[in-house]
Amino acid sequence: MSDLIEGYMGKRDDGTKSRMPAYLDRWQSITGLILGLFIIGHMFFTSSILLGKDAMYAESKLFEGSLFLEEPEPGIVALAAGIIFIIFIVHAALAMRKFPYKYREYKMLKTHSAHLGHTDTILWMVQAATGFAMFFLGSAHLWMMIAEPEKIGPYASADRIYTDNFGYLYAALIAMVILHAMVGLYRLTMKWGFTVQKNPRADRKRNKKIMWAAILFFSLLGYSALATYWKIGQEHQPNYGERYQPQSVQSTGGDS
Ligand code: HEM
């Protein structure tokens with residue numbers, strides 16, 4: 001009955017408003033924080049290729065449990081990707097509540113933003129647009145990681161990027177995910193106020209500076225790594241599908 005009253009009146013039967021929007025907002029922030037921190041780690045992981053093929057090989061085996069398993073298990077990576085995918089879907093579903101759906105809503109938002117000239121409102125629009133693009137770009141990548149976790153390594157990843165044309169998808173995804181994650185983390189610091197103390201104006205300015213520096217840093221890192229995979233994939237194209245043999249185990253055998 002109370003559900004019915006709230007459904008029609010927008011208020012609960014005791015006259016109070018539901019806490020559900022605040023609860024959903026909190027979960028949007030929590031899932032966003034997990035994904036934002038994951039992406040920072042992920043960008044360092046993929047850019048291990050800048051240190052050489054052996055470094056990337058060793059790291060990919062580490063994620064397959066090489067430290068505690070006799071035989072590395074790519075299923076661990078698929079499981080991790082599955083968990084990230086679920087968090088990604090929950091985060092997207094929660095964030096969708098705030099999208100302007102109708103033309104009128106969009107027009108109001110645009111006018112409001114132009115009128116205020118407020119950078120944070122513009123940043124919110126950047127987040128909505130990049131988040132929308134990630135529905136598609138992020139899902140394609142995550143599904144690949146779940147379906148073929150064994151195909152991660154210096155040659156396997158480079159073959160996917162160059163010969164299988166995933167490089168184009170990643171070129172777009174890098175820009176979208178870095179903007180989305182860094183703007184998102186900045187907005188979290190402002191929304192929940194945990195880095196804003198006595199002087200909110202100066203703290204906002206400082207946090208925004210860190211955000212732009214992080215966008216620049218991770219873009220350089222991401223695109224340098226992508227260019228390296230691209231080059232390896234180009235050179236490796238005649239041997240497409242062949243797996244990398246690390247220097248240390250070339251005599252005993254090993255692959256990725
Ligand atoms: C556990 C989940 C994930 C795993 C195991 C994973 C793994 C990888 C791997 C191995 C690469 C290297 C290229 C390749 O082999 O195809 C890569 C690249 C990339 N991934 Fe992920 N990824 C995951 C989640 C995500 C998520 C959630 C995003 C963002 C929505 C993302 C964005 C990217 C981007 C932008 C690149 C290109 C990076 C570059 O070239 O610098 N990944 N990922």
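Both radii are taken from the alpha-carbon atoms of the chain; with Rh as the Kirkwood radius, Rg/Rh is 1.06.
Share of Cα-Cα pairs in the range 49-112 beyond 13 Å, in percent?
On the way: 1504 of 2016 pairs.
The calculated P(r) of the range 49-112 puts 75 percent of pairs beyond 13 Å.
Computed over the range 94-184, the range of Cα coordinates on each principal axis works out to 51, 21, 19 Å, biggest value leading.
The order of the peptides 27-33, 41-47, 106-112 by mean Cβ neighbours within 10 Å, most packed first, is 27-33, 41-47, 106-112. With semi-axes defined as the square roots of five times the eigenvalues of the C-alpha gyration tensor, the equivalent ellipsoid of the range 97-147 measures 29, 12, 6 Å, largest first. In the chain, the DSSP-assigned H stretches of four residues or longer account for a calculated mean residue ellipticity at 222 nm of -25000 deg cm²/dmol, using -39500 (n - 2.57) per stretch and the full residue count as denominator. The angle separating the long axis of helix 75-96 from the principal Cα axis of greatest extent in the chain is about 20 degrees.
The equivalent ellipsoid that matches the C-alpha gyration tensor of the range 137-256 spans semi-axes of 38, 15, 13 angstrom, in descending order. Give the angle, between 0 and 90 degrees and rounded to the nearest 10, that separates the Cα long axis of helix 53-63 from the longest principal axis of the Cα atoms of the chain. So the helix axis and the longest Cα principal axis differ by about 60 degrees.
Quick note: the coordinates plus some simple rules give every number you see, no bench work behind them. Just so it is clear, the structure is predicted and the values come from calculations on it, not from any experiment. Quick reminder, even Gly has a Cβ in these numbers, built from the backbone with ideal geometry, and neighbours come from all protein chains shown.
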